[in-house]
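Below is one structure, written out as structure tokens; the observations come after it.
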Amino acid sequence: MRSAVAAQPGFSLGAARTDFVGKGFYGMAASIKRGAIAALGLIGLAGCAQVSDHKGYVVDTTLINTVQAGVDNKDSVAKTLGRPTFDSQWDGANTWYYLARNTRQLAFSTPSPVSQTLLTVRFGPTGEVTSVQRTGLETVREVKLYGKKTPVLGSHRTFFSELFGNIAPGTTDRASTADNPGR
């Protein structure tokens with residue numbers, strides 16, 4: 001049987017096997033490689049997606065517009081708008097703040113504010129609303145941090161002086177401080 005198949009013109013059992021394994025295996029490896037590259041590319045693009053976020057009070061403009069100075073009191077405002085996001089600590093909780101903020105963030109960057117609503121409701125000594133103020137992004141301020149390191153008083157110790165400082169005391173340079181006078 002084997003000799004009959006091998007005897008057919010243009011057909012060789014060894015060549016057929018090499019031809020099938022060679023093209024099929026390498027063709028499949030190339031398509032797997034292309035698929036892996038495409039999947040990694042999509043994962044990379046997904047990391048660059050823009051993320052939107054909402055924090056704080058959910059603003060309902062019709063409810064906010066119903067709060068009026070001289071008409072409402074603390075109870076009616078609490079029933080209409082709910083409890084405030086936070087209240088003032090300095091005037092006996094007579095100022096309520098409702099804060100809502102929408103931010104956007106691209107990949108691993110710092111979120112930046114897109115919109116903000118700050119509703120400030122001030123109450124009089126008897127609990128009636130004296131003023132209602134609504135502000136937006138104009139009240140947002142960017143705070144720049146000073147430097148990248150926090151200054152620490154004392155000596156500058158290297159990695160090795162920290163590592164071996166307790167093995168042979170006195171061999172590392174130590175600065176005297178008020179709570180630990182030098183030797």
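Any read-out appearing in this document is the output of simple, stated calculations on the displayed coordinates, not a laboratory observation. What you see is a predicted model; the values in this text were computed from it and never measured. Every residue, glycine among them, receives a Cβ derived from its backbone with ideal geometry; neighbour counts consider all protein chains shown.
What nm value, rounded to one decimal, do you get for the distance between residue 162 and residue 150 when each label is placed 7 Å out toward the C-beta?
For residue 162 paired with residue 150, the spin-label model returns 1.4 nm.
Could you order peptides 69-80, 30-41 by the average number of other Cβ atoms within 10 Å of their residues, highest first?
Values: 69-80: 13.8, 30-41: 10.0.
Going from most to least packed, we get 69-80, 30-41.
Go ahead and run the numbers for FRET between residue 143 and residue 32, Cβ-Cβ distance against an R0 of 41 Å, rounding to 0.05. Don't skip to the end; give the middle numbers.
Numbers: r = 50 Å, r/R0 = 1.23.
It comes out at approximately 0.25.
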